[in-house]
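Read the figures in this text as sums done on the coordinates, not as results from a lab. Quantities reported herein were computed from a predicted structural model and do not represent experimental measurements. All Cβ positions, even for glycine, are placed from backbone atoms using ideal geometry, and neighbour counts span all protein chains on display.
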Amino acid sequence: MINRFSSSLFPALLALALLGGCASKSPAPVEDRSQALQTKSAPSGPGYHTVKKGDTLYSIALEYGQDYREVAGWNNITDPNRIMIGQSLRVLPPGAAQDTAVTAAPVQTGTGVEQRSLDGEVPGAAAAAAGSSGVKREPRGNKEPYSDAAYARLQNPGAAAAVLPAVPAKPADAKPEADNKAASSTEAAVEGVTWSWPAAGKVVGNFSQTKGVDIAGKAGDPVQAAADGKVVYSGSGLRGYGQLVIIKHNGTFLSAYAHNQKILVKEGQSVKRGQKIAEMGNTDSDSVKLHFEVRRQGKPVEPLEFLPKR
């Protein structure tokens, strides 16, 4: 009876022992190397941006002065709303100057500095030429046709100076003609872009406070393109800007128009300076106003340096 019981109990005890032994061992650690591999292999440096908490594709594109759709294309992103923290994004076009190292050519140094007088003559050259051949060859580079008067001037420079009319000197406070012209009150050209005011109201917020200027007005007041360009963003995807329009003017400048109550243009649309692009409002703002930014290479700059004087 005992032997029969023992023989039937032994397999069960053995199974329990094996299970207890397995349960006492901790599982082998599993390391997720995907993030490490991604960080290690992801490109970085000039021309790339590492996504941080709070970034969106729209804010990254604005930071670098790009169209967010182009940034998405450079990084094979199909959904602009899906980017990951730690992801490295190309923010400059492939082949841009910032992607390649710039090699400075060495400065060529000569044995000495050649000195020339105002008429182009090398000091001592005429004397050396006359001493070697007995023929005077000055002034060099003078292409004036032969005439008796010209020959007389060469032979007697002092007499020629007395005959030639003197050029009146400009007064010390004289300014170039362009500087004397009054600046237009409605437009100003800066670095290839002609700017005008985007709204008619009073400036109520300055650059040091807002990275742009705030212009007061009433709901529905027209918001106008400050310069010719193409709309690269139209929507409300950037926190703090409300209904926003961004216009790209050239490879250097963007302008941004925030807090609108209504947007009248679409992405990809070309606009002209002075064209109505939106209506003033207070979206994502505590008051009705236009927040206006000018960005050079994506970095905010003082808009009043570009807008004409009022």
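Near the amide H of GLY205, within less than 5 Å, lie the amide hydrogens of ASP214, all on another chain or at least 5 residues away, with H placed in the peptide plane.
In what order do TYR58, TYR48 fall by count of nearby beta-carbon atoms within 10 Å, going from fewest to most?
TYR48, TYR58
The fewest-to-most ranking of SER208, SER236 by surrounding Cβ atoms within 10 Å reads SER208, SER236.
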